[in-house]
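Chemist: I'd like to ask you about the structure that follows.
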Amino acid sequence: MLAHVEAVEHRAVVDERRLLERLRAGDEAAFTELVEALTPGLVRVARTHVSTAAVADEVVQETWLGVLRGLDRFEGRSRLKTWIFRILVNRAKTRGVAEHRTVPFASLAARELDGTFAAVDPERFLPPDHDRWPRGWATPPRRWELSPEDALAHGQTLEVVRAGIRELPAMQRMVIVMRDLEGFSAEEVCEVLELAAVNQRVLLHRARTQVRNRLEEHLAP
Amino acid sequence: MACQELVERVTDYLEGAIEAPDRRRLEEHLAVCPHCDLYLEQLRLTLELTGELREADVAPEMREELLDAFSRWQRSPRP
């Protein structure tokens, strides 16, 4: 399994090196390929950071221009994708500052990591001194009514997920979008957002469990 | 492991960021607690549904502007 993962990783690195060579040689098809592959994800991550979709699109455009400007200097120490998302996040940050609405990531993260958090409402558990099941479920989760065959219902479910993500605080939103939508690894997210591994995990935990709670309200009211 | 602890450790578990003794306690609990088993299943489903939100193609205007930028870059003098 690990050997397989390593093989896939290795192939990705080789593919990336080849793509980079073509880009530097001025191959337009290679650029189109990269734009097609990464732009939707860049737009989604940008939208978690700036106020409007139009500004997000601008940030993404600026990112690609920044990529072109920096391509010859890119040293390949990180993955190409990680490097591009870092450019995006820095652009988005600058843009956010210009819009007077963001604070540095570090303080955003600190604010979101602060305080207590409960993945599940504490009221749903038995007290710690319960004689049979201390801190066990008092109100356990109920089965969700999911009907994947009903496209309309499924669309509504996805809308609940989308809304749930939208409601999250900025850092949690960025972490869940990068991890669970864009398929970044934990290490890559830490690198792009300048987070310690444990903090990345806490933000992810808070984000995922809150989205689960929204789904629960919708699917097992 | 108590249910209330499990729901706070699931992400560490899914991320493989949990010490072996805790992982054992968690898995032993899952084996006997259908409620927590269901909770974990629902969390996995949440991740799956989140993954399905990927859509949206590149807007044609953006693609055009980017290709213009690329040809300008191609023509520009480079070190």
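Chemist: Scan the stretch A:11-31 and give yes if some residue there is surrounded by 20 or more Cβ atoms within 10 Å (Cβ to Cβ), within 14 Å of chain B (Cβ to nearest Cβ) and of a type outside the set (Lys, Arg), otherwise no. First the steps, then the outcome.
Modeler: Taking the stretch A:11-31 as the starting set, the residues that turn out to be surrounded by 20 or more Cβ atoms within 10 Å (Cβ to Cβ) are A:23, A:31.
Filter once more, keeping what is within 14 Å of chain B (Cβ to nearest Cβ): A:23, A:31.
If we keep only those that are of a type outside the set (Lys, Arg) too, we end up with A:23, A:31.
There is at least one residue in the stretch A:11-31 that is surrounded by 20 or more Cβ atoms within 10 Å (Cβ to Cβ), within 14 Å of chain B (Cβ to nearest Cβ) and of a type outside the set (Lys, Arg).
Chemist: Here is a list: A:Ala186, A:Ala220, A:Ala138. Which entry is small (Gly, Ala, Ser), closer than 14 Å to B:Glu15 by Cβ and within 11 Å of chain B (Cβ to nearest Cβ)?
Modeler: Result of the check over A:Ala186, A:Ala220, A:Ala138: A:Ala186.
Chemist: Take the stretch A:41-60 and flag every residue that is under 15 Å from B:Glu61 (Cβ atoms) and surrounded by fewer than 18 Cβ atoms within 10 Å (Cβ to Cβ). Steps first, please.
Modeler: First, pick out the residues of the stretch A:41-60 that are under 15 Å from B:Glu61 (Cβ atoms): A:43, A:53-54, A:56-58, A:60.
Of everything in the stretch A:41-60, those that are under 15 Å from B:Glu61 (Cβ atoms) and surrounded by fewer than 18 Cβ atoms within 10 Å (Cβ to Cβ) turn out to be A:Ala53, A:Ala54, A:Glu58.
Chemist: Moving on. Could you list, in sequence order, the residues of the stretch A:163-185 that are out of contact with any Gly (no Cβ under 7 Å at 6 or more places or on another chain) and not aliphatic (A, V, I, L, M)?
Modeler: A:Gly164, A:Arg166, A:Glu167, A:Pro169, A:Gln172, A:Arg173, A:Arg179, A:Gly183, A:Phe184, A:Ser185
Chemist: When you scan the stretch A:35-67, how many residues do you find that are in contact with a Phe, Trp or Tyr (Cβ under 9 Å, 6 or more places away or on another chain) and within 11 Å of chain B (Cβ to nearest Cβ)? Before the answer, list the steps.
Modeler: Step one: filter the stretch A:35-67 for residues in contact with a Phe, Trp or Tyr (Cβ under 9 Å, 6 or more places away or on another chain), giving A:35, A:38-39, A:41-42, A:45, A:63-65, A:67.
Still in the running and within 11 Å of chain B (Cβ to nearest Cβ): A:35, A:38-39, A:41-42, A:63-65, A:67.
Residues that pass the stated criteria total 9.
Condition check ((1) more than 7 Å from chain A (Cβ to nearest Cβ); (2) in contact with a Ser or Thr (Cβ under 9 Å, 6 or more places away or on another chain); (3) at positive phi) across all residues:
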{"site": "B:Cys3", "(1), (2), (3)": "no, no, no"}
{"site": "B:Glu8", "(1), (2), (3)": "no, yes, no"}
{"site": "B:Leu14", "(1), (2), (3)": "yes, no, no"}
{"site": "B:Ala17", "(1), (2), (3)": "no, yes, no"}
{"site": "B:Arg24", "(1), (2), (3)": "yes, no, no"}
{"site": "B:Ala31", "(1), (2), (3)": "yes, no, no"}
{"site": "B:Pro34", "(1), (2), (3)": "yes, no, no"}
{"site": "B:Leu38", "(1), (2), (3)": "no, no, no"}
{"site": "B:Glu48", "(1), (2), (3)": "yes, no, no"}
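Chemist: Any idea which of A:Val14, A:Val43, A:Val59, A:Val55 is over 18 Å from A:Met174 (Cα atoms), β-branched (Val, Ile, Thr) and not in a loop (DSSP other than H, G, I, E, B)? Show your work before the answer.
Modeler: Details: A:Val43 fails: over 18 Å from A:Met174 (Cα atoms); A:Val59 fails: over 18 Å from A:Met174 (Cα atoms); A:Val55 fails: over 18 Å from A:Met174 (Cα atoms).
Being over 18 Å from A:Met174 (Cα atoms), β-branched (Val, Ile, Thr) and not in a loop (DSSP other than H, G, I, E, B) holds for just one of A:Val14, A:Val43, A:Val59, A:Val55, which is A:Val14.
Chemist: A further question on this structure: Surrounded by 17 or more Cβ atoms within 10 Å (Cβ to Cβ) and free of Cβ contacts under 8 Å to residues at least 12 places away in the same chain - does that describe any residue in the stretch B:19-27?
Modeler: No, the stretch B:19-27 has no match at all.
Chemist: Look at A:Glu123 and say whether it is surrounded by fewer than 12 Cβ atoms within 10 Å (Cβ to Cβ), at pLDDT 95 or above and not polar (S, T, N, Q).
Modeler: On the way: surrounded by fewer than 12 Cβ atoms within 10 Å (Cβ to Cβ): yes; at pLDDT 95 or above: yes; not polar (S, T, N, Q): yes.
Here the answer is yes, as A:Glu123 does meet what is asked.
Chemist: Quick check on this structure: which one of A:Arg206, A:Arg201 is touching an Asp or Glu at 6+ places or on another chain (Cβ under 7 Å), within 23 Å of B:Tyr39 (Cβ to Cβ) and basic (Lys, Arg)?
Modeler: Details: A:Arg206 fails: touching an Asp or Glu at 6+ places or on another chain (Cβ under 7 Å).
From the options A:Arg206, A:Arg201, the qualifying one is A:Arg201.
Chemist: Within the stretch A:199-217, can you find the residues that are within 8 Å of another protein chain (Cβ to nearest Cβ) and more than 14 Å from the chain's Cα centre (by Cα)?
Modeler: Residues satisfying the conditions are A:Thr209, A:Arg212, A:Leu215, A:Glu216.
Chemist: Has the stretch A:177-189 got any residue that is in a loop (DSSP other than H, G, I, E, B) and crowded, with 16+ Cβ neighbours inside 10 Å? So that I can check it myself, show each step before the final result.
Modeler: Within the stretch A:177-189, the subset in a loop (DSSP other than H, G, I, E, B) is A:182-185.
Among the residues that remain, those that are also crowded, with 16+ Cβ neighbours inside 10 Å are: A:182, A:184.
Yes - at least one qualifying residue is present in the stretch A:177-189.
Chemist: I'm checking my understanding of the structure. Among residues of the stretch A:138-172 that are modelled with pLDDT under 90, touching a helix residue (DSSP H, G or I) at 6+ places or on another chain (Cβ under 7 Å) and not in a loop (DSSP other than H, G, I, E, B), which one is nearest to A:His49 (Cα to Cα)?
Modeler: The residue in question is A:Ala170.
The values are calculated or read from the model by the stated rules, or taken from the named source; none is laboratory data. All figures in this text were calculated on a predicted structure; none of them were measured in a lab. Glycine gets a Cβ as well: all are built from the backbone with ideal geometry, and neighbour counts include every protein chain shown.
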